[in-house]
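Report on the following structure.
The values are calculated or read from the model by the stated rules, or taken from the named source; none is laboratory data. Here the structure is a predicted model, which is why all the values come from computation and not from measurement. Positions of Cβ are generated from backbone atoms using ideal geometry, with glycine treated the same way; all protein chains shown enter the neighbour counts.
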Amino acid sequence: MKINFPFVILILLLFSAILSAVLYPNDLVLQDINSALKASSWSHILGFDSLGRDYFSRVLIATRISLSVSLLSTFISFVIGVTIAVGLSKSKGFQTFLASRLVDLYQGLPSFIIVAVIMSLSHSQSLLFLSFLMGVLHWPGLARLTQAELIKIQSEPYIEASFSLGATNFHVFKKHLVPACQKLWISWFCFHLPSEIMFESSISFLGFGVQPPQVSLGVLTLEAWQYLYLKPVYMLAPGVMIFISVWSLMSLRNQTLNRKNKTSPSLT
């Protein structure tokens, strides 16, 4: 039996992130100043941070928050992108041309700068607000891919046959278009989620994303910067979690693309 290592690692990562909410519910604020910067031990494998908080638990909590923000923003982007793609695939003529150019213009917006400015002006510490901003700015790529796929599929004879037999738009979309787009969406998800993890980590590292006392992988990296030579593990631990998350998802994407190339999709 062949083991899918990227999938196993991703499941373990998600399991540990979810488990952190049960094992360490108060470790965002629980401090023991007498333990500040203590070295690792069997009970505290990564030691303590500068405020005496167990660093391993904070890495797990940061992973959970980074994944939660990235997953929610990816879901928002997916809903917006697919909805707009369906609308664009149904429109014709000048409407399609104008809408497509607006999507191109929207895609060219500097999302990193926009999120940084809005978060700094609003002084918001809401993870939901950060996820919403990321989601509404990162859907154009999916909309473009889905639009092209829908237009190609809608020209197939079996789609025309379905309409001629009295099928509704919703039935055709559910029965034929959604299954045909599934591999595309899975590939996009496995590519987009790592991008969102990197985006959140980068913007939090610069101080515009997740704000203390909340913690994310980017926040941990920022806090660890001043202890780079004294405690390099503080920088290494969140970096390894980011690498594992991105690598496992990108590996799953590559496997999906390889399977797609080897087998032709069923359109029946």
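Testing Phe189 on (1) over 30 Å from Lys90 (Cβ atoms); (2) modelled with pLDDT of 80 or more, one condition comes back false. Which one is that?
With respect to (1) over 30 Å from Lys90 (Cβ atoms); (2) modelled with pLDDT of 80 or more, Phe189 is out only on (1).
Can you tell me which of Val178, Val215 is among the aliphatic types (A, V, I, L, M) and touching a residue at least 60 places away in the same chain (Cβ under 8 Å)?
Working: Val178 fails: touching a residue at least 60 places away in the same chain (Cβ under 8 Å).
It is Val215.
List pairs: first in region 154-174 and under 18 Å from Ala85 (Cβ atoms), second at pLDDT 70 or above, Cβ under 6 Å, 6+ apart or cross-chain?
Val172/Ser162
How many of the residues in region 107-129 are part of a helix (DSSP H, G or I) and either under 21 Å from Ser70 (Cβ atoms) or of a type in the set (Asp, Glu) (or both)? Lay out the reasoning, then the answer.
Of the residues in region 107-129, the ones part of a helix (DSSP H, G or I) are 107, 111-122, 127-129.
Those still in the list that are either under 21 Å from Ser70 (Cβ atoms) or of a type in the set (Asp, Glu) (or both) too: 107, 111-120, 122, 127-129.
Count: 15.
Within region 171-183, is there a residue that is modelled with pLDDT of 85 or more, farther than 30 Å from His123 by Cα and surrounded by 15 or more Cβ atoms within 10 Å (Cβ to Cβ)?
Taking every residue of region 171-183 in turn, at least one turns out to be modelled with pLDDT of 85 or more, farther than 30 Å from His123 by Cα and surrounded by 15 or more Cβ atoms within 10 Å (Cβ to Cβ).
Which residue out of Pro194, Pro140 is under 27 Å from Val59 (Cβ atoms) and at pLDDT 85 or above?
Result of the check over Pro194, Pro140: Pro194.
On the basis of being modelled with pLDDT under 90, surrounded by fewer than 19 Cβ atoms within 10 Å (Cβ to Cβ) and assigned to a helix (DSSP H, G or I), does Leu37 make the cut? So that I can check it myself, show each step before the final result.
Values: modelled with pLDDT under 90: yes; surrounded by fewer than 19 Cβ atoms within 10 Å (Cβ to Cβ): yes; assigned to a helix (DSSP H, G or I): no.
Criteria not met by Leu37.
Could you tell me which residue of region 131-144 is farthest from Lys92 (Cα to Cα), considering only residues that are part of a helix (DSSP H, G or I) and in contact with a helix residue (DSSP H, G or I) (Cβ under 6 Å, 6 or more places away or on another chain)?
Start the filter on region 131-144 by keeping residues that are part of a helix (DSSP H, G or I), which leaves 131-137, 140-144.
Applying the additional criterion that residues be in contact with a helix residue (DSSP H, G or I) (Cβ under 6 Å, 6 or more places away or on another chain) yields 131, 133-135, 137, 140, 142-143.
Numbers: Ser131: 33, Leu133: 30, Met134: 30, Gly135: 27, Leu137: 25, Pro140: 19, Leu142: 20, Ala143: 16 Å.
Once the filter is applied, the top-ranked residue is Ser131.
Counting residues that are of a type in the set (Phe, Trp, Tyr), which helices (runs of 4 or more DSSP H) fully inside region 147-224 reach at least 3?
On the way: elements: 157-164, 169-172, 178-205, 217-224.
Per the criteria, 178-205.
Any idea how many residues of region 70-84 are crowded, with 24+ Cβ neighbours inside 10 Å and in contact with a Ser or Thr (Cβ under 6 Å, 6 or more places away or on another chain)?
1
Yes or no: Leu67 surrounded by fewer than 20 Cβ atoms within 10 Å (Cβ to Cβ), at negative phi and either in contact with a helix residue (DSSP H, G or I) (Cβ under 8 Å, 6 or more places away or on another chain) or assigned to a helix (DSSP H, G or I) (or both)? Let's see the steps before the verdict.
Numbers: surrounded by fewer than 20 Cβ atoms within 10 Å (Cβ to Cβ): no; at negative phi: yes; either in contact with a helix residue (DSSP H, G or I) (Cβ under 8 Å, 6 or more places away or on another chain) or assigned to a helix (DSSP H, G or I) (or both): yes.
The answer is no for Leu67.
I'd like to know if region 48-56 contains one or more residues that are among the small types (Gly, Ala, Ser), part of a helix (DSSP H, G or I) and out of contact with any Pro (no Cβ under 6 Å at 6 or more places or on another chain). Can you show your working first?
Step one: filter region 48-56 for residues among the small types (Gly, Ala, Ser), giving 50, 52.
Among the residues that remain, those that are also part of a helix (DSSP H, G or I) are: none.
No; the residues of region 48-56 include none that is among the small types (Gly, Ala, Ser), part of a helix (DSSP H, G or I) and out of contact with any Pro (no Cβ under 6 Å at 6 or more places or on another chain).
Name the residues in region 90-129 that are touching a residue at least 12 places away in the same chain (Cβ under 8 Å), of a type in the set (S, T, N, Q) and surrounded by 15 or more Cβ atoms within 10 Å (Cβ to Cβ), would you?
Ser100, Gln107, Ser111
Kindly list the number of the only condition in (1) exposed (fewer than 15 other Cβ atoms within 10 Å of the Cβ); (2) farther than 14 Å from Leu88 by Cβ that fails for Ala148.
(2)
Being more than 16 Å from Pro232 (Cα to Cα), over 28 Å from the mean Cα position of the chain (by Cα) and hydrophobic (A, V, I, L, M, F, W, C) is the filter here, so list the residues in region 34-89 that pass it.
Result: Trp42, Leu51.
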